[in-house]
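Report on one structure; see the data block that follows.
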Amino acid sequence: MLHDGEPNGRHPLNRPSHSAPRRPAHLLPPESSSTYDHRPYVSPRRAILDGESCSDSRCASPEPAPRHATWAFWLEPRFIVIAFSGVLALCTLLYPASRFDNWSTSKYFHTPEFTLTVAAIVALCLGMTLATHVTPASRAGRVESDAEPHVIEGWYHALGLIVVLGYVSWAVIATARGATLELFLAVIHRDMGAISFLKQRLAPVSGVTTLTQVSCIVSALGAYRYTTTRKIGKLWCFVLLTGMFRALFYAERLALMEVVIPAVLVLIVTSHFMRNHRLLMNLIPVIGLAFLVIVFSASEYFRSWIFYSQSGDTSFVPWVLDRLLAYYTTSFNNNALFYSQVTGSPHPIYFTIPFVFDFPGFSSIFGAPSFGGLLPEDWWFSTLSWYATPEFNNSGSYLTPIADLGLIGGLTFWLILGISLGYVYRRAREGSDVALIAYSTLFLGLLELPRFTYWTLGRFFPAAVALIFFMGHSMTHDHSPVHKTSHQRHELRGFSR
């Protein structure tokens, strides 16, 4: 006799006379297995859509499953600003004037300048804190990925092709100017003056080299694409190689950092390995500092050390470490010099928002900015030649808006900038992969704040425009934002820790 629901030719299993109550399977993260339910992990949102009807209009369409990201303390923008800029500012204040004499400059960064710098740092961090109130509370529980694969692919290939077009055009122009293989070999052989001569042939071309400045986003997209598809894209490799090329032959370390840091951040945050090795995750700042020293040392070895190795008896290691320290401390000192030179006198606010004045066609319409009849770059070089040293020419950042806009205007500038950065960071922490890509691109600016305001440079403007459209597209095409209940948010966030 066959029993209902059993295959033909098989006997029923012996079951106990009493029926034991079934225990529900616990909700587990994707890498875990359940004692009672070995089916693949499905988010509560997707389970409703696949197996049950839902009358709530918010459950109208599915969304990508939540991504389990790893966020360490050092990714917090306020920590970066305080631990890096704040500590360096304090070191600059405490260094004796004799130390600056060794770097061929007088000391201008004293207690009043330090106080204003701290005020700017506080305003920036306050803006980041206020950003927690910018996003409506109803969206605070969103943890699903908002990076649709076809959107990522589209942006990756579109921006990547723009970068390739820019570099190809730049190479053609450089060849026409006389850039030859012999010049590149001379740089590798560390011939005196070779890199300066090559830089003249590789001088930027307005509207052409601008196309290459979205490489940072392509690198972040390439890294994200690798985490989801395990494909190492050719365009990603291209921007990494060109960044190394510019660092070596154009003495532009920043170009290498622009493509390495966004990719590394995306890989770290989305890495299962890092989530399982918290100690290594917390040591990333130490590893990053070592990487900075290595990159800086390699660059200076092919540049300044060619001269100093012949004119002094100092070995390379102590010389390059002292030079690295000088790069940052003289930036704060130069910032104090800039503040003392322009405060109280009419002048263009070029150094606060250089991307506006450097925009193609701006000078033709409104006239070139002038400092005492000199272009900003010429005026700054002259000022450094008289009062400091042109060898360390970074203008700093924190005091610049205060000198240009006044105390209230300058602090407001930092407050607004902090709100913008804090908003992107918060969205990334809440699970927005689009915001993660954007934040990884913006992260370099936090590290460069002691030297200059990276986000207001003309070189970052193309990337800033692309990021605005990229994030705006994800927000306007967010088909069905999910607002989870507090219980669901608690459940899902527990597995992301």
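Brief remarks on what is shown
- For Phe338, neighbours were defined as the other residues whose beta-carbon sits under 15 Å from its Cβ, and their charges (Lys and Arg +1, Asp and Glu -1) total -2.
- When region 73-477 is described by a simple charge dipole with +1 on each Lys and Arg Cβ and -1 on each Asp and Glu Cβ, the residue from Ser385, Phe109, Tyr439 located farthest towards its positive end is Tyr439.
- Charge dipole (region 73-477, unit charges on Cβ, about Cα centre) - positive-most of Val266, Ser395, Ser311: Val266
- Length-normalised contact order for region 73-477 - Cα pairs under 8 Å, 6+ apart - percent: 29 percent
- In this label model, Leu405 and Leu161 are separated by 3.9 nm, measuring between points 7 Å along each Cα→Cβ vector.
- Surrounding net charge for Leu457, when Lys and Arg each add one and Asp and Glu each subtract one, Cβ distance under 10 Å: -1
- The label-point distance for Ile294 and Ser311, in a model that sets each label 7 Å from Cα toward Cβ, rounds to 3.0 nm.
- Unit charges at the beta carbon, dipole of region 73-477: most positive-side option, Pro369, Ala290, Gly233: Gly233
- Net charge of neighbours whose Cβ lies under 15 Å from the Cβ of Ser315, counting Lys and Arg as +1 and Asp and Glu as -1: -2
- Each label was represented as a point 7 Å from its Cα along the Cα-to-Cβ direction; for Arg99 and Ala171 these points are 4.5 nm apart.
- Charge dipole (Cα centre; +1 on Lys/Arg Cβ, -1 on Asp/Glu Cβ; no other charges) of region 73-477 amounts to roughly 760 debye.
- Peptides 383-393, 287-297 ranked from most to least packed by the mean count of surrounding Cβ atoms within 10 Å: 383-393, 287-297.
- Computed FRET value (nearest 0.05) for Ser206 with Thr343, which takes r as the C-beta separation and R₀ as 35 Å: 0.65
- Computed log₁₀ I(q)/I(0) - Debye formula, equal Cα scatterers, no solvent, region 73-477, q 0.06 Å⁻¹: -0.25
- Report note on the peptides 330-337, 115-122, 345-352: ranked by the mean count of other C-beta atoms within 10 Å, highest first, their order is 330-337, 115-122, 345-352.
- Region 195-256 and region 353-398: distance between their alpha carbon centers, rounded to Å: 26 Å
- Mean Cβ count within 10 Å, highest first, over the residues of peptides 266-274, 278-286: 266-274, 278-286
Rule-based calculations on the coordinates, nothing more; no lab input. Please read these numbers as outputs of a predicted model, since none were measured by experiment. Cβ sites come from the backbone with ideal geometry, for glycine too, and all protein chains shown count toward neighbours.
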